[in-house]
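Only one structure is covered here, and it is reproduced in the block below.
The values are calculated or read from the model by the stated rules, or taken from the named source; none is laboratory data. What you see is a predicted model, and the numbers here were worked out from it, not measured in a lab. Reconstructed Cβ throughout: ideal geometry from the backbone, glycine too, with neighbour counts over all protein chains shown.
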Amino acid sequence: MIKNCLLILLMLLPVGLAQAAGDAEAGKAVFTKLCSGCHKIGPYARAAFGPQLNGVIGRQAGHTDDYKYTEAMLNSGIVWTRENIARFVKDPSGMVPDTRMKLWWLGNDQRMEDLLEYLQANP
Ligand code: HEC
């Protein structure tokens, strides 16, 4: 009996994980809708209204060389981990007062995971 339960659990586990983790393809759609008006990504990405976001995960805030950041961003000392990006996107000026980025995040947790997966997939 216990053995059977364990088996079922083991079978369900990968499904659960697959749902919790993000999906880069879905994340691309989130990026296009909510970020691409100001940010570019990909081989030809350059600064636009906001800095390009290639390889942003793990990057030090304010460190692309073709964008003029606010003093607030330059002095923030943030490293863009997944957690920090999620926090910033949900409330930019709550995290970096006086940042130029204004955004009203309309997504949910799943969309955020998808978006982060997409960012991670663009080194
Ligand atoms: C209305 C324009 C706009 C939108 C939409 C926008 N951003 Fe930004 N973002 C900016 C600007 C401008 C900056 C630079 C902020 C500064 O210098 O204070 C920025 C900065 C950032 C940074 C810091 C980059 C660095 O090099 O330090 C991250 C990360 C970021 N945005 C992520 C996102 C994500 C993810 C989305 C979509 C969910 C998004 N932004 C949507 C305008 C925008």
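Checked against (1) surrounded by fewer than 15 Cβ atoms within 10 Å (Cβ to Cβ); (2) more than 11 Å from the chain's Cα centre (by Cα); (3) in a helix (DSSP H, G or I), residue 83 passes all but condition (2).
Each residue in segment 86-104 was checked for being closer than 22 Å to residue 47 by Cβ and in a helix (DSSP H, G or I), and 5 of them qualify.
Return the only residue of 50, 62, 42, 107 being closer than 17 Å to residue 29 by Cα, within 9 Å of the ligand (Cβ to nearest atom) and in a loop (DSSP other than H, G, I, E, B).
Matching residue, one of 50, 62, 42, 107: 107.
Just to be sure before I move on: is residue 76 more than 7 Å from the ligand (Cβ to nearest atom) and assigned to a helix (DSSP H, G or I) in the structure I sent? In short, no. Taking first residues from segment 43-59 that are among the charged types (D, E, K, R) and partners that are near the ligand (Cβ under 9 Å from one of its atoms), the Cβ contacts under 8 Å between residues at least 6 apart in sequence or on separate chains come to 46/52; 59/80.
In the condition set (1) under 19 Å from residue 115 (Cβ atoms); (2) hydroxyl-bearing (Ser, Thr, Tyr); (3) surrounded by 17 or more Cβ atoms within 10 Å (Cβ to Cβ), residue 69 is compliant with all but (1).
Flag not set for residue 88, criterion: of a type in the set (A, V, I, L, M, F, W, C), at pLDDT 95 or above, in contact with a Cys (Cβ under 8 Å, 6 or more places away or on another chain) and near the ligand (Cβ under 10 Å from one of its atoms).
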